[in-house]
Amino acid sequence: MIVRRGMTFEYQDAFGIWFVLATFFLGIGAGLFILSVVYGFVLGKLIGLIFVLLEMPFLAIEAGHPLRVWRAFAYPKTSWLSRGVIGLNVFIILAIISILQGYKFLFLKDVSPYDWSVNVAAVIVAVFLILYGSMTVARYPSIPAWHSILLPSLFVSYGLTSGTAILFFLYPLANMNSMQLGQTGLIVILINLILLLMYWIELSLSTTAAKESARILTRGKLWPYFIIGIVMTGSLMPAILIAGQMYSVSQQPTILFMTAGVLSLMGSFLFRYVLMKVGIYEIPH
Amino acid sequence: MGLYGMVIDLKKCIGCEACVIACKMENATPPGISWCRILREERGTFPHVRIFSLPAACNHCADAPCEKACPTGATYRNGDGIILIESSKCIGCRTCMTACPYNVRYLMKKEVSYFSPQPLNPYEIMGYAQHETGTVQKCTFCAHRLEEGMKPACVELCPAEARYFGDLDDPESDVSKMVKERHVYQLLQEMGTDPHVYYLSS
């Protein structure tokens, strides 16, 4: 038996809390914008745009030279960060047009095909924005825990979960059907849980570093964050609360929806935080 | 114009870290940053145990993920196949650091003295002038020395002569002969980066 000791796994320390916050706010904003377009909720679109804009200062803080960030437009052919920065600007323009048209729609009660083309384009770019956040880390095989085809899907589903979480606070203003919103919330949480399970299984069956990441998630130092924080408090609890609100005798108490929203947001944040913490390089061999 | 590469003979390497010191002296990297480092591993079972040393630095890959990940073009390949960073273009976004499978890129956060809290000494002031804070840095194969016809500092100072450096495109060079004729391997070949640093197995 050959014992190999000493050459230990190295954790990534390039991305930290600012990157986590940037992708968290981007996920909330883009997810909320997409759902608001689906539900025709103009205020939701505006708040979604504000959340997306909140990503920018965190990205700037993360960069060593914030004043040079304009240079990031230069290489969209190969760099996902470059694509993301361009997408962000396109989204801001489309979102503003969409919001302005939305208010016109409220007053004039007039829907032209052009309105929908802008909305559809804005939704496509919003999905792209969520994807760019994940592809920036998932594109390269250097960190096996990130190099997963499931990661972009997880970012999209967590983005929609976060968007739903904010809608739980706003839906009384939107004249939305709470039953429909609750169903959406339950579906995205269920998708999250399935994708998380698939992701963990994929890590467990992959390279040495990926297996170590999977071990850390369920048996290592991050298990409280993953099992208690993300799965139980961030997913199962909100699902129970949403179901409780939907099938409660009284349709009045929105407190259950709001609590579910807070817990979902916490789960979404922890998901990104944990993902940064399980970033381990393969041992050179 | 050529294609510079390096071969490291792990049978000769004694893990003395002279290459690490040579690199630090030549490039004046601040505390916590070492472009060249030695990874160690204990191999075997008692009493037949030995320490395996693996010198690691930038591999100047043919298909460098750091180059593709860079959103500004700050990371580029020069005419000699060396991956370099143009500090004035680097925004310090660190995507290249996560894209590199060998974890050999470093962000210079601030100028720190080795003798902190004392201020920077004259050597540090002079040395740090070549680095820009807030940007990423890494091994350059001592490109400034190559321009003057010298070998990289780690190659020059290796007491075991475990490092070979030369033009991989020149069929008469030591490195290209070794790559062709001996059983060399590259680190993390499965990543598909095709490094220009080869290792002779121990």
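The values are calculated or read from the model by the stated rules, or taken from the named source; none is laboratory data. Model, not experiment: these values are computed from the prediction. We place every Cβ from the backbone using ideal geometry, glycine too, and count neighbours over all the protein chains shown.
Listed by first and then second residue, the pairs with beta-carbon distance under 8 Å, at least 6 apart or on different chains, first residue in region A:59-82 and farther than 17 Å from residue A:137 by Cα and at the interface with chain B (Cβ under 7 Å from one of its Cβ atoms), second surrounded by 15 or more Cβ atoms within 10 Å (Cβ to Cβ) and hydroxyl-bearing (Ser, Thr, Tyr), are A:64/B:133; A:64/B:135; A:65/B:135; A:68/B:72; A:71/B:72; A:74/A:82; A:74/B:72.
Conditions tested, residue by residue: (1) within 11 Å of chain A (Cβ to nearest Cβ); (2) under 13 Å from the mean Cα position of the chain (by Cα).
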{"position": "B:21", "(1), (2)": "no, yes"}
{"position": "B:32", "(1), (2)": "yes, no"}
{"position": "B:36", "(1), (2)": "no, yes"}
{"position": "B:42", "(1), (2)": "yes, no"}
{"position": "B:51", "(1), (2)": "yes, no"}
{"position": "B:64", "(1), (2)": "yes, no"}
{"position": "B:77", "(1), (2)": "no, no"}
{"position": "B:80", "(1), (2)": "no, no"}
{"position": "B:84", "(1), (2)": "no, yes"}
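Note on region B:183-192: among residues that are in contact (Cβ under 8 Å) with a residue 24 or more places away in the chain and over 15 Å from the mean Cα position of the chain (by Cα), the one that is surrounded by the fewest Cβ atoms within 10 Å (Cβ to Cβ) is B:192. Got a sec? Which of B:179, B:175, B:197 is surrounded by 12 or more Cβ atoms within 10 Å (Cβ to Cβ) and within 14 Å of another protein chain (Cβ to nearest Cβ)? Exactly one of B:179, B:175, B:197 is surrounded by 12 or more Cβ atoms within 10 Å (Cβ to Cβ) and within 14 Å of another protein chain (Cβ to nearest Cβ), namely B:197. Being of a type in the set (A, V, I, L, M, F, W, C) and out of contact with any strand residue (DSSP E or B) (no Cβ under 6 Å at 6 or more places or on another chain) is a property that residue B:162 lacks. Only one residue in B:58, B:93, B:16 is out of contact with any Phe, Trp or Tyr (no Cβ under 6 Å at 6 or more places or on another chain), facing chain A (nearest Cβ under 9 Å) and in a loop (DSSP other than H, G, I, E, B). Which one? Within the list B:58, B:93, B:16, the selection yields B:93.
Checking each residue in region B:109-132 for being assigned to a loop (DSSP other than H, G, I, E, B) and of a type in the set (Phe, Trp, Tyr) picks out B:114, B:115.
Taking the criterion of being touching a Pro at 6+ places or on another chain (Cβ under 9 Å) and part of a loop (DSSP other than H, G, I, E, B), no residue of region A:163-183 qualifies. Within region B:187-201, the only residue that satisfies the criterion of being part of a loop (DSSP other than H, G, I, E, B) and acidic (Asp, Glu) is B:194. Scoring residue A:141 on the criteria (1) buried (at least 22 other Cβ atoms within 10 Å of the Cβ); (2) within 14 Å of chain B (Cβ to nearest Cβ) leaves a single failure, condition (1).
Going by the structure shown, is residue B:134 in contact with a His (Cβ under 6 Å, 6 or more places away or on another chain) and at the interface with chain A (Cβ under 10 Å from one of its Cβ atoms)? Answer is yes for this residue. Within region A:39-48, not a single residue is free of Cβ contacts under 8 Å to residues at least 40 places away in the same chain and not in a loop (DSSP other than H, G, I, E, B).
Checked against (1) part of a helix (DSSP H, G or I); (2) modelled with pLDDT under 95; (3) surrounded by fewer than 18 Cβ atoms within 10 Å (Cβ to Cβ), residue A:245 passes all but condition (3).
Which ones in region B:27-38 are touching a Gly at 6+ places or on another chain (Cβ under 9 Å) and over 13 Å from residue B:131 (Cβ atoms)? Hit for region B:27-38 is B:38, nothing else.
When residue B:141 is tested against the conditions (1) surrounded by fewer than 18 Cβ atoms within 10 Å (Cβ to Cβ); (2) in a loop (DSSP other than H, G, I, E, B), the lone failure is (1).
Conditions tested, residue by residue: (1) without any contact (Cβ under 8 Å) to a residue 24 or more places away in the chain; (2) buried (at least 24 other Cβ atoms within 10 Å of the Cβ); (3) within 18 Å of residue A:269 (Cα to Cα).
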| position | (1), (2), (3) |
| --- | --- |
| A:128 | no, no, no |
| A:133 | no, yes, yes |
| A:137 | no, yes, yes |
| A:175 | yes, no, no |
| A:179 | no, no, no |
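With respect to (1) farther than 25 Å from residue B:7 by Cβ; (2) surrounded by fewer than 19 Cβ atoms within 10 Å (Cβ to Cβ), the lone exception for residue B:79 is condition (1). One residue stands out in region A:59-86 among those that are buried (at least 19 other Cβ atoms within 10 Å of the Cβ) and of a type in the set (Phe, Trp, Tyr): the one that is modelled with the highest pLDDT, namely A:80.
Taking first residues from region A:184-212 that are in a helix (DSSP H, G or I) and partners that are small (Gly, Ala, Ser) and surrounded by fewer than 17 Cβ atoms within 10 Å (Cβ to Cβ), the Cβ contacts under 9 Å between residues at least 6 apart in sequence or on separate chains come to A:186/A:243; A:210/A:204; A:211/A:204; A:212/A:220.
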